[in-house]
Amino acid sequence: MFGPRWKKVLADLWNNKTRTLLTILTIAVGVFAVGFVTSVGIITIEDMEADFQSANAHGAIIFCDPFDDELVPVLEDTPGVGQVEGRSQISGRVVVGTETKVPIGLLSIPSAEALQVDRLMPSEPGGSLALADHEVLLEQSALAAFPAQAGDVLKIELPDGRIRELRVAALVHDVGNIPYAMLGQATAYVTPETMAWLGGSREYNELFVTVTEKHTDITHVTAVAQSVADKLKKSGRQVYQVFVYEPGRHFAQTITEGILVILNVLGALAVFLSTFLVINTISSLLAQHTRQIGVMKAVGGGTLQIAAMYLGLVLTLGALALALALPLSTWVAYGVCGWLSDYTNFVLRPMRVPMLSLILQIAIALLVPLAAASVPVWNGARISVREAISSYGLGKGHFGASWIDRLTVRAKQALPLLSRPMLISLRNTIRRKLRLILTLSTLTLGGAIFIAVFNLRAGFAQLIVDVQGYYLADVNISFNQAYRLQKLDPLVMSTPGVAGFEGWGISTGQFLSADRASAIDILFFALPADSRLIKPIITDGRWLLPQDENAVVIGNHLLRQRPELRVGDEVFIKINDKETCWHIVGLYKMSGNASQPILYVNDEYLASLRNETDMASNVRVITTRSDAQTQTQVLKMLEAKFKQEGIQVAQALTGADWQAQQVASFDVFIYFLLVMAALIAVVGGLGLMGTMSMNVMERSREIGVMRAIGASNGEIMRIVLVEGMLIGLISWVLAIGLSVPTTSALNVGVGTAVLTMPMDFSFNLDGLVIWLGGALIVGAVASAWPAWNAMRMTVREVLAYE
């Protein structure tokens, strides 16, 4: 069936199963890395986009005074408007068991089956969206907080302390809803009549707007929404805010795309390194087959025939790697996409292999190894019969010519305690310098990325500390309205475990452009002049002083939209439809995304403008002990007191819970990066194992001589193991240096994609120590099988080896 040349190809594959397996795995890791990342990216973005577009998601939300359905057709006549629908919302908490209370937002909607904007989908295919009074449609992401199904009854604690029971009509999916895993709040939908029964209004106070064109143009969408807001004002209603955030795109799409770009770069590095190893493997194979090539040429074999035979061997290895990696990458990628769909709230379509991913995997499995092997194969096939037959020895007599070789030879004199086997391991490590360089390249880069990921995690930890400087309280409680401090003070300070508190004001405004033609919705955080619960990072100017009146400190989120702003500028902000003048006294930095820029001002001055002097809509509490248990106990006691006094709590969160949410969000990205770092480390380990196997084969006669003069099995194994661990140790030293620029690159890439700004550099010793152990273990494990093979060789076998 097969000609002589193909029989030799099969024989080469079968006779050295270890080398064949290592080469297949090396190629397969690169194929898997690219296939995995590409499939995850394509499937996630395609399905996220398809799900988002099917819902006819809003482009803008307008918060205003109540209105009814009769006003909607008038607003829809605004040029550029697609559809307009009303909503209203109140907050509450789902009582789960005897201890747990889960925040929930209850939205009043028109008929769920007739929704045109932000359409709901039943979680069960073919399910009903029928919604009766005293029922809810529960958004499915809430299941991450508590179990529920159609027919269950939810106990809802309202802000005034009343308990209402609502039956779950069905579970639904709302692609525009930020899921519980990310927001920490469940969502449910009710009829206007149920909203009134809960204490809200039958009318709407939120307007969801779509546009007819330029759906992703934030300037266009904002202009259209502002025109609708102007009509609302003409109807006699006050507009509080026009909210536009990345219109026409899923809320997580930008962040997801940024992370996928970084993962694609790491996947490409894995392919690059596996290509190096293919070159290394084929070069070593040809060096081992030099005399065989000479014999083939002596009996009439042509250069092209011999080259084709070895390239056929490479193609066979690539095909086997593809058969292994393609189904595995498809299965793992789809599993990760399923997790991402749950985390970011989009519907995942059936499993498939994206065409681009398939093409890339085929190319990487077949064409890249073929291209990588072409040069060493051609050089090996061109060798003359005389050169091939006369070739002898590991280094062709050149060992000792370089300064590294001479340094190795003198090591015994410099280190008298260095044993002879150790000196042999040291010499063997650097004998094949090109092979050593290629092997070290993979291990070094894998180690550098591993260390850099730990540095990145340390950067995230420091970032959380920096951001926490703006949220230093042990307990944060927000109210539905502002309450007098005279009422809040005795309630809070008489609570056991409370050491102090501050009353803050939180309100909205519109930051006007210089020509008054446009505005940016902002949030005011109005704090006491002597506040001890904030440690801002000031990048220019200064922080607020007690004597400041119309002074404001702005941050990087506002500067992204208004980069021309400087300390000392006079700016105008509209508060309750009244234009007010402010002076910028400082700039602060806060990492992360913000739906609205936050401006810090003194509470007393802003309260005078809003007629809310000596009032607070948010209390920030300091507990006597900062542990999670104390914070939780204090929060429960405060909630009970506020409920008894009729004070309506909108949101409540302990500092420990806030920190846990931030850590969980950042860990998602770290896990992805660690997976890619592990894949690259696997490539390095496979390369080292292949290198050690080839080194042992090439030194078979040397091993035989050592065995003949009395070397024990343990000494032979120790020589090989030490050689592998020494390579691992060298790669660790090199990885430390390379991890610095790698960390800087990840700080810029991940920071810009996820946090809107580059992260500060942090160095973490944990990653360095862990990789030291990892490099030594990889070196030992990669050398174990070659060492075992070397130990099993008999003197007769090794001396007869050709």
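Brief remarks on what is shown
- In region 359-377 there is at least one residue that is at pLDDT 90 or above, touching a helix residue (DSSP H, G or I) at 6+ places or on another chain (Cβ under 7 Å), within 26 Å of Asp47 (Cβ to Cβ) and open to solvent by 30 Å² or more (accessible area, probe 1.4 Å).
- The requirement of being β-branched (Val, Ile, Thr), over 28 Å from the mean Cα position of the chain (by Cα) and within 13 Å of Leu609 (Cβ to Cβ) is fulfilled somewhere in region 550-565, by at least one residue.
- Subset of region 58-74 [open to solvent by less than 60 Å² (accessible area, probe 1.4 Å) and of a type in the set (D, E, K, R)]: Asp65, Asp68
- Subset of region 446-469 [under 30 Å from Leu686 (Cα atoms) and either open to solvent by 30 Å² or more (accessible area, probe 1.4 Å) or without any contact (Cβ under 8 Å) to a residue 40 or more places away in the chain (or both)]: Phe450, Phe454, Arg457
- Only a single item in (1) farther than 19 Å from Asp577 by Cα; (2) part of a loop (DSSP other than H, G, I, E, B) is not met by Gly500, and it is number (2).
- Scan of region 147-168 for residues that are out of contact with any helix residue (DSSP H, G or I) (no Cβ under 9 Å at 6 or more places or on another chain) and not in a loop (DSSP other than H, G, I, E, B), ordered by number: Val153, Leu154, Lys155, Ile163, Glu165, Arg167, Val168
- Residue within region 447-461 that is assigned to a helix (DSSP H, G or I), at pLDDT below 85, basic (Lys, Arg) and closer than 30 Å to Asp760 by Cβ present: yes
- Whenever a residue of region 118-138 is under 29 Å from Pro247 (Cβ atoms), its partners that are of a type in the set (Asp, Glu) and open to solvent by 40 Å² or more (accessible area, probe 1.4 Å), lying with C-beta atoms within less than 7 angstrom and at least six residues away or across chains, give the pairs Leu129/Glu113.
- Take the conditions (1) closer than 21 Å to Leu609 by Cβ; (2) open to solvent by 50 Å² or more (accessible area, probe 1.4 Å); (3) touching a Ser or Thr at 6+ places or on another chain (Cβ under 8 Å); Glu570 misses just one of them, which is (3).
- Ile218 meets each of the listed conditions (1) open to solvent by less than 60 Å² (accessible area, probe 1.4 Å); (2) aliphatic (A, V, I, L, M); (3) touching a Pro at 6+ places or on another chain (Cβ under 7 Å) apart from (1).
- Residues in region 326-345 that are among the β-branched types (Val, Ile, Thr) and surrounded by fewer than 16 Cβ atoms within 10 Å (Cβ to Cβ): 0 in all.
- Pro147 being more than 17 Å from Met195 (Cα to Cα), out of contact with any Lys or Arg (no Cβ under 7 Å at 6 or more places or on another chain) and open to solvent by less than 50 Å² (accessible area, probe 1.4 Å): no
- Unmet criterion (only one of (1) within 27 Å of Arg352 (Cα to Cα); (2) open to solvent by 40 Å² or more (accessible area, probe 1.4 Å)) for Asp77: (1)
The values are calculated or read from the model by the stated rules, or taken from the named source; none is laboratory data. Just so it is clear, the structure is predicted and the values come from calculations on it, not from any experiment. Cβ: placed from backbone, ideal geometry, glycine included. Neighbour counts: every protein chain shown. Note: accessible area is taken over every heavy atom of the protein model, side chains too, but ligands, DNA and RNA are not part of it. Shrake-Rupley method; radii C 1.70, N 1.55, O 1.52, S 1.80 Å.
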